[in-house]
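Below is one structure, written out as structure tokens; the observations come after it.
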Protein chains: 2
Amino acid sequence: MRRILLYRGSLLQLQALGVKRVYSYTLGKETGISAQQVRKDFSEYKIKGNQRGGYRVDELISEMENIFYKKGSQNIIIVGRGNIGSSLANYDNFIQRQINIVATFDIDPSKQRIRSEIPVYTMERMEEIIDRFGVRTAIIAVPDMAAQKVCDQLLGYGINGIINFAPVILKVSEDIIINNVNLSDEIESVIYCVSLTENECPE
Amino acid sequence: MRRILLYRGSLLQLQALGVKRVYSYTLGKETGISAQQVRKDFSEYKIKGNQRGGYRVDELISEMENIFYKKGSQNIIIVGRGNIGSSLANYDNFIQRQINIVATFDIDPSKQRIRSEIPVYTMERMEEIIDRFGVRTAIIAVPDMAAQKVCDQLLGYGINGIINFAPVILKVSEDIIINNVNLSDEIESVIYCVSLTENECPE
DNA sequence: CATTAGATGTGAAAAATATAACTATAAAAA
DNA sequence: TTTTTATAGTTATATTTTTCACATCTAATG
């Protein structure tokens, strides 16, 4: 699944460049995945290619939209308009992916003065906005201490998917989808790998 | 490996709360990993616990520092002082993890006027700073189009680990460690899972 | 039109990963 | 001191994931 997203990302870029067809090998190189793996993944979803000319880019993309059940754009919200919340609100790449940030929220009323395309509301208006825009997925970008409280609140308003940038594990029921993005971990994993290659085969 | 990072994150939090011992079960619950898996991971690294009293938190943390070859803090830099670059520069959690951002760089000289703990330099001073602080790992937080160029530049200055926030796959030699963090993917994977549970068992 | 090069498609093997089941042990309780 | 109990430690099993090998097909080429 992570791979399907990678494929789609690359394909959208290729499409923007006007590329019409790709080979499993090419797409693999773009995404850091082996050609065989690419083909296997496609065959999993019954996606057929042309046995000499590779796969059609537009066909692949539309197949992937199907996989995602993604009909048009998705409305999501961001809770916490601090540094991370703001950078997400201004992130260009979401447009291409049809991710539509309809609103952000912050407990601090002064944040409402922020000038931006994406509005900043106080926490009180969360339920209203979620209902109005049919939001199912939310991003938590608040400090550690507040994350669980915000999470509970969101679930109360019917949210069932959360991307959590706070470095805490949120307690939620089984049926809620949580994706924890821990920026420290992302960096440390690289630091670790680098140190490994430098201290090659330590006894 | 991802799990070791999760354990360490939880353990650091527990330590900050004054907790002295943990059970495999407890730590598993914190990190969303099964207790057996936790024990298996620890036994992999020859980490011993007490068969009734669980594991000592401080011992676990120091064992993990060993696993990471992490002696003291790591100096890293951020290239690109836009939204993402800035939020990373201001991210509190790095201190606890001993990740030390020594400098940020931006092509736009006006960014140097940013008031912050972490200095903003022009691209020209990159090599100098990398040398002075012994930096091995860098974060790329520049727009798509600039990412590959910045990457090549960094590698030229001896960087061998990169965390890339630009939604492109960077072309680098085998021995360079790259971690691509694609925020759109993180969000879309949740959107996908949510839609899956809603359209339960589609024929 | 036959040939060939360069792709895909797929089933089997291999490797990695996770789960389960069980044993051993230390601490607490009786 | 004996018994119980809760937890670590380990081996075996199952599952998932990846890789390999090769058959198959299609488009270009002479």
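Summarising the strand pairing of the stretch B:1-150, around 20 percent of its internal DSSP beta bridges are antiparallel. If one computes P(r) from the Cα atoms of the stretch A:75-203, what percent of pairs lie at distances over 20 Å? Pairs farther apart than 20 Å: 48 percent. Relative to the dominant Cα principal axis of chain A, helix A:35-44 is inclined by about 70°.
With label points set 7 Å from Cα along Cα→Cβ, the inter-copy distances at residue A:157 are 4.2 nm, sorted shortest first. Here is the list for the stretch B:55-88: trypsin sites (Lys or Arg not before Pro) lying in DSSP coil, each with at most 14 other C-beta atoms within 10 angstrom of its C-beta, are B:71.
Net length available on complete extension from residue A:108 to residue A:133 is 6.7 nm, with 0.36 nm assigned per residue and the Cα-Cα distance removed. Accessible area of residue A:46 (1.4 Å probe, protein heavy atoms only, ligands and nucleic acids ignored): about 150 Å². Extending 7 Å from Cα along the Cβ direction at residue B:23 and again at residue B:152 yields two label points whose distance is 5.8 nm.
Placing +1 on the Cβ of every Lys and Arg and -1 on the Cβ of every Asp and Glu, with no other charges, gives the stretch B:74-185 a dipole of roughly 280 debye about its Cα centre. Of the residues A:26, A:122, A:137, the one that moves most in a GNM of chain A with alpha-carbon contacts below 10 Å is A:26. DSSP assigns beta bridges within the protein assembly as shown; of those with both partners inside it, close to 15 percent run antiparallel.
Between 0 and 90 degrees, the angle of helix B:144-156 with respect to the longest Cα principal axis of chain B falls at about 90 degrees. Each of B:167, B:64, B:191 was scored by the projection of its Cα onto the charge dipole of chain B, and the greatest displacement toward the positive side belongs to B:64; charges sit on the C-beta of Lys, Arg, Asp and Glu.
Give, rounded to the nearest 20 debye, the magnitude of the charge dipole that the stretch A:2-67 has about its Cα centre when Lys and Arg contribute +1 at Cβ and Asp and Glu contribute -1 at Cβ.
Value, rounded to 20: 220 debye.
Sorted from closest to farthest, the other copies place their residue B:43 label points 3.7 nm away, with each point set 7 Å from Cα along Cα→Cβ.
Computed from the alpha carbon atoms alone, the convex hull of the protein assembly as shown holds 168 Å³ per residue. Placing +1 on the Cβ of every Lys and Arg and -1 on the Cβ of every Asp and Glu, with no other charges, gives the protein assembly as shown a dipole of roughly 300 debye about its Cα centre.
The values are calculated or read from the model by the stated rules, or taken from the named source; none is laboratory data. Nothing here was measured: the structure is a model prediction, and the numbers come from that model. Note that each Cβ is placed from the backbone with ideal geometry, even for glycine, and that neighbours are counted across all protein chains shown. Heavy atoms of the whole protein, side chains included, go into the accessibility calculation; ligands, DNA and RNA do not. Shrake-Rupley method; radii C 1.70, N 1.55, O 1.52, S 1.80 Å.
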